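Student: Here it is, the structure in full.
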Amino acid sequence: MATTQNAKIPQAKRMFDGATHKLDVWTIFTPANVPPDAINLGQGFMNWSPPDWITKAHHDVLDENVMAHHYSHPRGRPRLLNAISKFYSPQFTNLGGRELKHEEILVSAGANGGMFAALTAHCEPGEEVICIEPYFDQYYASIHFQGAKPVFVPLHPPTGEGVKDGSEWTLNIDEFRAAFTPKTKAVIINTPHNPVGKVFTQKELEDIAQVCIEKNVLVIADEVYDCMVYDGKKHVRIATLPGMWERTLTVGSGGKSFACTGWRIGWLIGPAQLTSACLAAHSRIVFSTNSPMQEAVAIGLEQAKERHFFEDQLKAYEERRDILTSYFDQIGLPYTMPEGSYFLLVDISKVKVPEDYPIPETCQGRGKDFKFCWWIAQELKVVGIPPSEFYCDEHVEIGERFARFAFCKDPELLHAAGKRLLRLKEFI
């Protein structure tokens, strides 16, 4: 496939600005490029189905409700809007006890679709969007596709031996403030954070909020891992802080919440003025969101509390996290104990990959973590993701000393992967 601007039918410049001409990390480490028996701890999808109480009730709905097979209102199906309102309203303490109104919610084609609509609705060409590194790589292209420019501020990782905590990755608020210019339009805040596992504290978010209010910018709060916060930590929604509701769009995900990433159901929550602008953009991008799956996610939210679903799921994720970390303890590699999400960042600095090990052209000229992840995929048959992909070129050296592994897999698979990874001890 031609990926140059001198192709017979040239691609738009925004495609190259958004780096879509390069093979992304997901394509490089796709199952087609690794041994067929490799264990995939790279991508963040689960290897189990959503709860059967959702899928069985959903089948009944599809049998009984013809309209569940047809277009939904572009804002979302009423049942899901009601379910989101009832479930999440108590978490938005700034509302003073009232419920979220339908006009304060937009159901989107996955969380990605919601964020793309938010950027489309609010960013002018030439404006800037601040991203905190490491960042989810979709942000980069989504910003460039608006003709806007991403500006990067890194989280600073801890140093030294031993297990670290997500809280030890710190944002220098002076660096954050210095990233603002008269062109700054928006800030993307991701908490719980992918891939660090950091859960931003109230104090950290208050400091960020103070700058955002002072600079009068939009905040897109990517909180898709909000139901995965471990060890008694507290997830604080930046939208609930004083002066932040009117400038914040909170992003949620049914796929992350109910182990159904292929359903592609997300949502935005925020003041009507912001969500209505996003609705206008989203309805011109996809018109409406998958109707059958909206019904399914509504069922999940309606019954989650009485079934103690999120409490039980949290315990299961903590068990999986502890299984994976136990193997890196045996290997002797430091890692960041995640406070939230379902990713583990492992410090691979001590691992000596054979210098003459061949790597494909797609991994050359990138961070050292690409070579490590290619090597373990081919030789240990465990797939991880190189997190330097989530940094700008100037900050690659921060990310290349790590590898990211997903623990949203069943315990048996994690044990199998861990036993393969034990071979790393031979290369330390």
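The values are calculated or read from the model by the stated rules, or taken from the named source; none is laboratory data. Everything numeric in this text was worked out from a predicted model, so none of it was measured. A quick note on method: Cβ atoms are made from the backbone with ideal geometry, for glycine too, and the neighbour counts reach across all protein chains shown. Please note that ligands, DNA and RNA were not included when accessible areas were found on the heavy atoms of the full protein model with its side chains. Shrake-Rupley method; radii C 1.70, N 1.55, O 1.52, S 1.80 Å.
Student: May I ask for the net charge around Ile359, where only other residues with Cβ less than 14 Å from the Cβ of Ile359 are counted and Lys, Arg are +1 while Asp, Glu are -1?
Tutor: Values: positive: Arg366, Lys368, Lys371; negative: Glu355, Asp356, Glu361, Asp369, Glu379, Glu400.
So the surrounding residues net to -3.
Student: Would you please put 34-43, 196-205 in order of how densely packed they are, using the mean number of other Cβ atoms within 10 angstrom per residue and starting with the highest?
Tutor: 196-205, 34-43
Student: Expressed as a whole number of Å, what is the distance separating the alpha-carbon centroids of the range 93-149 and the range 283-320?
Tutor: 20 Å
Student: Using mean Cβ contacts within 10 Å as the protection proxy, how do 165-177, 412-424 order, highest first?
Tutor: Highest mean packing first, the order is 412-424, 165-177.
Student: Under 5 Å between amide H atoms, partner at least 5 residues away or on a different chain: which partners does Val383 have, H built in plane at 1.01 Å?
Tutor: Hits under the 5 Å cutoff: Ile39, Asn40, Leu41, Gly42.
Student: In whole Å, what are the extents of the chain along the principal axes defined by its C-alpha atoms, from largest to smallest?
Tutor: Result, largest extent first: 59, 52, 50 Å.
Student: Identify the trypsin sites (Lys or Arg not before Pro) of the range 294-362 meeting these criteria: DSSP loop state and at most 12 other C-beta atoms within 10 Å of the C-beta. Provide the component values of the computation, followed by the final result.
Tutor: Numbers: sites: Lys305, Arg307, Lys315, Arg320, Arg321, Lys350, Lys352; in loops: Lys305, Arg307, Lys350, Lys352.
Here the trypsin sites (Lys or Arg not before Pro) that fit, given the DSSP loop and packing criteria, are Lys305, Lys352.
Student: Of the peptides 339-347, 127-135, 392-400, 140-148, how do they stack up when ordered by the mean number of other Cβ atoms within 10 Å, highest first?
Tutor: Those peptides, ordered most packed to least, come out 339-347, 127-135, 140-148, 392-400.
Student: Find out how many positive minus negative residues lie around Ala406, taking Lys and Arg as positive, Asp and Glu as negative, among other residues whose Cβ is under 13 Å from that of Ala406.
Tutor: +4
Student: If I fit a long axis through the Cα atoms of helix 52-64 and take the longest principal axis of the Cα atoms of the chain, what angle between them do I get, 0 to 90°, rounded to 10?
Tutor: Long axis of 52-64 versus the principal axis of the chain: about 40 degrees.
Student: What are the ³J(HN,Hα) couplings of the range 422-428, residue after residue, when phi is run through the Karplus curve with 6.51, -1.76, 1.60 and θ = phi - 60°? Round to Hz, x for glycine and proline.
Tutor: Going residue by residue, I get 4, 5, 4, 4, 5, 10, 9 Hz, with x marking Gly and Pro.
Student: Let me ask something else about it. Give the carbon-plus-sulfur fraction of the accessible surface of the range 52-306 in %, rounded to a whole number; probe 1.4 Å, heavy atoms of protein chains only.
Tutor: Working: 5140 of 9930 Å².
In the range 52-306, the share of accessible area belonging to carbon and sulfur is 52 percent.
Student: Around Met46, what is the net charge, scoring Lys/Arg as +1 and Asp/Glu as -1 over all other residues with Cβ under 13 Å from its Cβ?
Tutor: Counting the neighbours of Met46, the net charge comes to +2.
Student: Relative to the first principal axis of the alpha-carbon coordinates of the chain, what is the inclination of helix 78-88, with its axis defined by its Cα atoms, in degrees from 0 to 90 and to the nearest 10?
Tutor: For helix 78-88, the angle is close to 70 degrees.
Student: Can you list the HN-Hα couplings for the range 192-199, worked out from phi with the Karplus curve (6.51, -1.76, 1.60; θ = phi - 60°), rounded to whole Hz and with x for Gly and Pro?
Tutor: Along the range 192-199, the couplings run x, 8, 10, x, 6, x, 6, 10 Hz.
Student: I've got another one for you. Calculate, for the chain, the solvent-accessible area per residue in square angstrom, rolling a 1.4 angstrom probe over the heavy atoms of the protein chains.
Tutor: Result: 42 Å² per residue.
Student: So, one more: What angle do you read, to the nearest 10 degrees and between 0 and 90, between the alpha-carbon axis of helix 309-331 and the longest principal axis of the chain?
Tutor: For 309-331 against the chain, the angle is about 10 degrees.
Student: Give a residue-ordered list of calculated ³J(HN,Hα) values for the range 367-381 (Karplus: 6.51 cos²θ - 1.76 cosθ + 1.60, θ = phi - 60°; whole Hz; x for Gly, Pro).
Tutor: x, 4, 5, 5, 5, 4, 5, 5, 4, 5, 5, 7, 9, 9, 6
Student: How long are the semi-axes of the equivalent ellipsoid of the range 52-306, defined as square roots of 5 times the Cα gyration tensor eigenvalues? Whole Å, largest first.
Tutor: 31, 21, 17
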